[in-house]
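Notes for the one structure printed next.
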Amino acid sequence: MISHANILIVDDESIARDNLTHVLTNDGYSATAVGSGSEALQQFSKQEFELVLTDLMLPGMNGIELLEHIKELNPSTQVIVITGHATVATAVTAMQKGAHSYIAKPLNLDELRAQVRKALERRALSVEVLRLRQVLAQGKQDFPLVGQSDEINKLKKTIKQLAHMDCNVLIQGETGTGKELIARGIHMLSPRSDERFMAINCGTFTAELMDKELFGHEREAFTGAQRGQKGILEVANGGTVFFDEMSELPLNMQVKLLRVLQERTFLRVGGTQEIPVDIRVIAATNCDLKENVEKGTFRQDLFYRLNVVTLSAPPLREHREDIPVLIGHFLEKHRTETQTIDTISQETLDILMNYSFPGNVRELENISQRALALTRGTVFTPDLLPREIRNIAREKPLRTLEEVERHHIEKVLMATNRNKTQAAKILGIDRVSLWRKMKRLGLERESS
């Protein structure tokens, strides 16, 4: 996961190691620091690191040589080279050897944080593409819910628990958040997985058509019915039926569905014989069904039958760190022999990471499909994005006063090697005031 990534810091200067460790740990990463290339490779053999920050000038093995070793051991690990001896030649060499980026000393913390985030986003995207290719090459069915964030991992864990409970489930969430994918995930992991998963959108049928679609009909039940036909409930017997937009189900159909849930039998349209059925019902809605119950547009007894367990599908803005993974997934899922994107430009990724996605994951999938349809090369460039998204990206977000203050104090602390007396003097405040600000902003730490 991007927010809890393991980062290896390689620098022979202890103060530089300590400062980098402090900054990255405060940002939520797990940081390990060593003083040489050989020590770095020892750590690399013990655990997986998503990102390595290495100084160029190291005792023994230099940063470029370490970069080559790391790329041989794990090509997906991103490497950022840091140096106080920046030249065009060394920068070009580092990038040719596979470095994600190249940062010159003295470090600009905003640039450092941005490069770390971008490197981790790029790794997440490439890892997802490789994973999906392996799944497809093996002919396996992929788990429908994609993501590595805390939000999605918690949801996956809950899905696994619910899958074996065989109870009805109500999924709530905004449009485009993947409610049907959650339902498919529950079915896939359940004992019913060998049987059918049938989905029906309650908002697309009139009450009469819904009756026929759901329950089927007998021969000559209505004009033109020359033979009997099974409905969704009968076809899905033993499996799972997913009702999307459950709030749109007409009241008379709510009564019939309630009877099915209670009696486990139903009648075909025009039929007189009760047909037994064994199904699991999963319903989804993008509104508050409790409010509909209070308004009288949804039956209370049906609501309680469906609401045995409630799941929430989080909007994409609440798990933004999954955006790179999802982009990689969709570009791989929808690619063809003539429409393939192998790389996404950093500018494009930055724009998407800062976009609000009112249409959630479905909107991101549409954006990915659009890029594949319009591309003339293999790189996802900003011109392949919808114009309205490019226009929004031109507006620079403003930072809060606390963010500005935190950044400036942290910059001064780095410049003074965390000497609080010197830092306080530069900032024009006394040492006690600095200590209070550091405590409030989460910067408090023993001086080196």
Can you tell me how much longer the chain between residue 229 and residue 439 gets when fully stretched, taken as 0.36 nm per residue apart minus their C-alpha distance, in nm with one decimal?
-> 68.5 nm
In degrees between 0 and 90, to the nearest 10, how far off the longest principal axis of the chain does helix 63-73 point, with axes built from Cα atoms?
-> 30 degrees
Simple spin-label estimate for residue 373/residue 47, 7 Å along Cα→Cβ, in nm, reads 4.6 nm
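222 nm [θ] for the chain, helices only, -39500 (n - 2.57) per DSSP H run of 4+, per residue, to 500? Present the calculation step by step, with values, prior to reporting the outcome.
Values: 19 runs with 211 residues, N = 448.
Only helices count here, giving -14500 deg cm²/dmol.
When a/c reaches 1.5 or more, the comparison of a/b and b/c decides; with that in mind, is the stretch 231-273 rounded, prolate or oblate per its Cα gyration tensor?
Working: a/c = 1.73, a/b = 1.19, b/c = 1.46.
It comes out oblate by the Cα gyration axes.
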Pairwise label distance in nanometres, residue 237 with residue 96, each label 7 Å out on the Cα-Cβ vector | 7.0 nm
Running Debye on the stretch 183-289 with equal point scatterers at the Cα sites and no solvent, what base-10 log of I(q)/I(0) appears at q = 0.17 Å⁻¹?
-> -0.80
Cα-centre dipole for the chain with unit charges at Cβ (Lys and Arg positive, Asp and Glu negative), debye to 20 | 360 debye
At a 1.4 Å probe radius, which order do 77, 400, 265 fall into by accessible area, largest first?
-> 400, 265, 77
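Here are some pairs, 46/97; 157/439; 118/420; 179/256; which of them have Cα atoms lying more than 26 Å apart in this structure?
Values: 46/97 24 Å; 157/439 36 Å; 118/420 31 Å; 179/256 24 Å.
As for pairs spanning more than 26 Å Cα to Cα, those are 157/439; 118/420.
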Specify which residue in the list 191, 66, 276 is farthest towards the positive end of the charge dipole of the chain, using unit charges on the beta carbon of Lys, Arg (+1) and Asp, Glu (-1), about the Cα centre.
-> 66
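Can you tell me the relative contact order of the chain? Whole percent, Cα pairs under 8 Å, sequence separation 6 or more.
Details: 715 pairs, mean separation 61.6, N = 448.
Computed over the chain, the figure is 14 percent.
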Please determine, in degrees from 0 to 90 and to the nearest 10, the orientation of helix 179-189 with respect to the longest principal axis defined by the Cα atoms of the chain, where the helix direction is its Cα long axis.
-> 80 degrees
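Does the stretch 351-410 come out rounded, prolate or oblate, given a ≥ b ≥ c as the square roots of the eigenvalues of its C-alpha gyration tensor, rounded meaning a/c under 1.5 and, failing that, prolate meaning a/b above b/c?
Since a/c reaches 1.5 and a/b is larger than b/c, the shape of the stretch 351-410 is classed as prolate.
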State the percentage of accessible surface on the chain attributable to carbon and sulfur atoms; use a 1.4 Å probe and exclude ligands, DNA and RNA.
-> 48 percent
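Shape call for the chain from the C-alpha gyration tensor, a ≥ b ≥ c root eigenvalues: rounded (a/c under 1.5), prolate (a/b greater than b/c) or oblate? All intermediate terms of the calculation are to be shown ahead of the outcome.
On the way: a/c = 2.73, a/b = 2.16, b/c = 1.26.
Prolate shape, in that a/c is at least 1.5 and a/b is the bigger ratio.
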With +1 on the Cβ of every Lys and Arg and -1 on the Cβ of every Asp and Glu, the dipole magnitude of the stretch 1-109 about its Cα centre, in debye rounded to the nearest 20, is 160 debye
With every protein chain present, what is the per residue accessible area of the stretch 396-441 (1.4 Å probe, Å²)?
-> 70 Å²
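The values are calculated or read from the model by the stated rules, or taken from the named source; none is laboratory data. All values reported here derive from a predicted model rather than from experimental measurement. Note: ideal-geometry Cβ built from the backbone for every residue, glycine included; neighbour counts use all protein chains shown. We work out accessible area using only protein heavy atoms, side chains counted, and drop any ligands, DNA or RNA first. Shrake-Rupley method; radii C 1.70, N 1.55, O 1.52, S 1.80 Å.
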